[in-house]
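The structure appears below as structure tokens.
The values are calculated or read from the model by the stated rules, or taken from the named source; none is laboratory data. Since we're looking at a predicted model, the values are computed, not measured. Cβ sites come from the backbone with ideal geometry, for glycine too, and all protein chains shown count toward neighbours.
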Amino acid sequence: MGRRITSKGRFFLCPTPIGNLRDVTLRVLDTLKEVDVVAAENMRRARFLLEKYDIQKPVMSYREENRVSASKKIIELIENGSDVALVSDAGTPGISDPGYHLVLECIENGIDVVSLPGPNAVICALTSSGLPTRRFAFEGFPPRREGERRRWLQKISHEERTLVFYESPRRLERTLVEMAEMFGSRKIAVGRELTKIHEEVIRGEITEVLQKIEESPPRGEIVIVVEGAKPRSGVSMEEAVKEVKLLRSQGVSLKEAVSVVSEKNPGLSRNELYNLAIKDKD
């Protein structure tokens, strides 16, 4: 596990498989064998992995619901010289899970934090999506409440980097409908059950993928990868609204006018332009 810098123990972030148990690294297995305690977001899954590789270590619970009390116990263990490993429900700890808070507490208490490389659903989905990987933004889970989610999607609709999201299969269809409204016509890839037997990646325009999802609703863990927005044109939104207003004065319908102006000015949000044009009309 490397040289110990202080008399304190160390804290290890140990990525675990997101599906296929053979994806665990040799270094993670060595670390799990050598630490004193394993803290787990899902104790059942953690024990299953340890048993699979004949590792016998005490396992304690560390999840969102008990992270405050569990953090105190873990910090105390490390302060007294014990090495502690953290494993998430699946994948790399600290990504959209409570491990982030424990990392901060360890740093604040002068504890050595060691992050091991390993499985991660975001990278797995991104690299298999066929969308640009040079620059991307991971946005986690979209908000659950519809109004909040729509405002959030509107806010990031101008992001030019490839976007990556987690989503529940129960909310996937509704989220894709709203993405189509807020993002317009973009390529996406929806990955489910990555690295597992029933792994599937559905690619295409948002509306095309949505149709496939409606026909065969997916189950399991979901990752959505979305093409970034096209670079904004030199036309401001205010100028675009004026163009729409001019077309309206010539007898063109609002919907058609917005379509013409947005297609002429790549990068402008069609949805935002439509809403502003309605307000200007009123």
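Residues being part of a helix (DSSP H, G or I) and either of a type outside the set (A, V, I, L, M) or within 21 Å of residue 19 (Cβ to Cβ) (or both): count how many of those fall in segment 68-106.
11
Does residue 61 count as surrounded by fewer than 20 Cβ atoms within 10 Å (Cβ to Cβ), touching a residue at least 60 places away in the same chain (Cβ under 8 Å) and among the hydroxyl-bearing types (Ser, Thr, Tyr)?
no
Considering each residue of segment 138-176, count those that are closer than 18 Å to residue 219 by Cα and assigned to a helix (DSSP H, G or I), and give that number.
Qualifying residue count, segment 138-176: 5.
Can you run down the residue pairs with Cβ atoms below 8 Å, 6 or more apart or on separate chains, where the first is in segment 112-139 and over 18 Å from residue 17 (Cβ atoms) and the partner is of a type in the set (A, V, I, L, M) and part of a helix (DSSP H, G or I)?
Between residues of segment 112-139 that are over 18 Å from residue 17 (Cβ atoms) and residues that are of a type in the set (A, V, I, L, M) and part of a helix (DSSP H, G or I), the close pairs are 113/103; 113/107; 133/126; 136/126; 137/156; 138/122; 139/156.
Could you run through segment 173-232 and say how many residues are touching a helix residue (DSSP H, G or I) at 6+ places or on another chain (Cβ under 8 Å) and either in the same structural domain as residue 19 (by TED's automatic domain parsing) or closer than 23 Å to residue 146 by Cβ (or both)?
31
Go through segment 68-98 and count every residue that is surrounded by fewer than 20 Cβ atoms within 10 Å (Cβ to Cβ), within 17 Å of residue 46 (Cα to Cα) and at pLDDT 95 or above.
Of the residues in that region, 1 qualify.
Does residue 170 fit the bill of being within 22 Å of residue 275 (Cβ to Cβ), out of contact with any Gly (no Cβ under 9 Å at 6 or more places or on another chain) and surrounded by fewer than 17 Cβ atoms within 10 Å (Cβ to Cβ)?
No: the conditions fail for residue 170.
Would you check which residues across segment 30-47 are in a helix (DSSP H, G or I) and within 19 Å of residue 99 (Cβ to Cβ) and list them?
Matches in segment 30-47: 31, 32, 43, 44, 45, 46, 47.
Inside segment 39-58, can you point out the residues that are surrounded by 13 or more Cβ atoms within 10 Å (Cβ to Cβ) and either touching a His at 6+ places or on another chain (Cβ under 8 Å) or among the polar types (S, T, N, Q) (or both)?
Matches in segment 39-58: 42 only.
Does residue 266 qualify as being surrounded by fewer than 20 Cβ atoms within 10 Å (Cβ to Cβ), in the same structural domain as residue 151 (by TED's automatic domain parsing) and in a loop (DSSP other than H, G, I, E, B)?
No, not satisfied.
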